[in-house]
Structures are given as structure tokens and as C-alpha cells.
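Report on one structure; see the data block that follows.
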Amino acid sequence: MKIYHNPRCSKSRQTLVLIQENGVEPEVLLYLENIPTADELKDLLNKLEISPMQLIRKGEKDWKENYKGKELSDGQLIEAMIAHPKLIERPIIVKDNKAVLGRPPEKVLELI
């Protein structure tokens with residue numbers, strides 16, 4: 001199991017604790033430091049079964065200043081997430097070929 005984690009995010013911290021409380025020690029990926037590639041993001045989107053727009057944090061300053069109100073392709077949205085990784089919704093938990101967003105944190109229980 002892997003978790004794309006931001007330690008400054010309360011939902012991400014809560015999700016990590018919930019995983020650990022269920023006896024799993026996941027691989028912790030600090031995605032703000034090690035930004036996922038376009039291929040990694042596409043793979044995550046496939047596992048999550050969502051579109052790139054659904055993975056965007058639209059309340060972020062980078063979104064409002066650079067992208068809000070623009071018509072963007074899926075490829076452009078992925079490039080935006082690479083350029084501004086804070087735009088990536090978190091946490092993302094992956095197990096095998098399935099992934100969930102830890103919002104709410106209890107969503108991770110679907111993978112345990």
C-alpha cells in the first residue's frame with residue numbers, strides 16, 4: 001500500500017494513522033517533494049476512476065491565479081498538477097490496481 005501524503009494536511013495525517021491502526025505500514029510518498037510524473041498521474045487517475053479535473057484542489061491560490069475559468073484539456077490539467085503539485089487532491093492511497101482519495105479518511109478502509 002502507498003499513500004501520497006502531505007504531512008501538513010490534517011486529512012492526510014488522519015488517513016495515515018487510520019492505515020497504521022489497521023496494521024498496515026504503507027510506503028509514504030511525499031508528493032510535494034517528489035512530484036509525480038505525467039504517466040504516474042495518469043495511472044493514479046485510472047486507478048481512482050476519475051478525471052484530472054476531479055483531482056484538482058480548486059481552492060488553491062495557484063489554481064485561482066493561473067487556471068480558474070480557462071478551458072483546459074486533460075493533458076493541460078495534468079501539466080498544471082506537475083507545475084503546481086499543491087493542486088493535487090490528497091491523500092491518495094493505492095493498493096494494487098485500486099486507489100481511493102482519503103476524503104473522508106475512512107475511505108481508505110475500502111482498500112484494507
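Taken together, the values in this text are just the output of simple stated rules run on the coordinates, not laboratory data. Predicted model, so just to flag it, every value in this text is computed and none were measured. Note: ideal-geometry Cβ built from the backbone for every residue, glycine included; neighbour counts use all protein chains shown.
Take segment 2-111, drop everything but the C-alpha atoms, weight them equally and run the Debye formula without solvent; then report log10 I(q)/I(0) at 0.18, 0.24 Å⁻¹ to two decimals.
Debye output, listed in q order: -0.85, -1.42.
Return the single residue from A38, A80, A99 with maximal mean-square fluctuation; model: Gaussian network over the chain, springs between Cα atoms under 10 Å.
A38
For K47, give me every one of the aspartates and glutamates with a C-alpha distance below 19 angstrom, ignoring sequence neighbours fewer than eight places off in its own chain.
Of all the aspartates and glutamates, those that pass the test against K47 - Cα under 19 Å, at least 8 places apart if same chain - are E27, D39, D74, E79, E89, D96, E106, E110.
List the residues of segment 5-22 whose backbone N lies under 19 Å from a point placed 7 Å from the Cα of I50 along the Cα-to-Cβ direction.
Under cut-off, by backbone N: 5-19.
Scan around Y31 for amide H atoms under 5 Å from its own, H built in the peptide plane at 1.01 Å from N, and keep only partners 5 or more places away or cross-chain.
Placed amide hydrogens put H5 under 5 Å from Y31.
Quick one: among K70, K98, K42, which has the greatest mean-square fluctuation in a GNM of the chain with alpha-carbon springs under 10 angstrom?
Top of the fluctuation ranking is K70.
Return the long-range amide H neighbours of I88 (sequence gap of 5 or more, or a different chain), with a cut-off of under 5 Å between placed amide H atoms.
The answer is R57.
Does segment 62-112 come out rounded, prolate or oblate, given a ≥ b ≥ c as the square roots of the eigenvalues of its C-alpha gyration tensor, rounded meaning a/c under 1.5 and, failing that, prolate meaning a/b above b/c?
Cα axes put segment 62-112 in the prolate bin.
How big is the antiparallel share of DSSP beta bridges in the chain, given as a percent to the nearest 5?
Just about 65 percent of them are antiparallel.
Please find, in a Gaussian network model of the chain (springs between Cα atoms separated by less than 10 Å), the residue of L44, L30, L101 whose mean-square fluctuation is greatest.
L30
Note the full-extension length gain between K11 and A83 as 0.36 nm times their separation in residues minus their Cα-Cα distance, in nm to one decimal. Don't skip to the answer; put the middle values down first.
Numbers: separation 72, 0.36 × 72 = 25.92 nm, distance 2.29 nm.
Result for the pair: 23.6 nm of gain on full extension.
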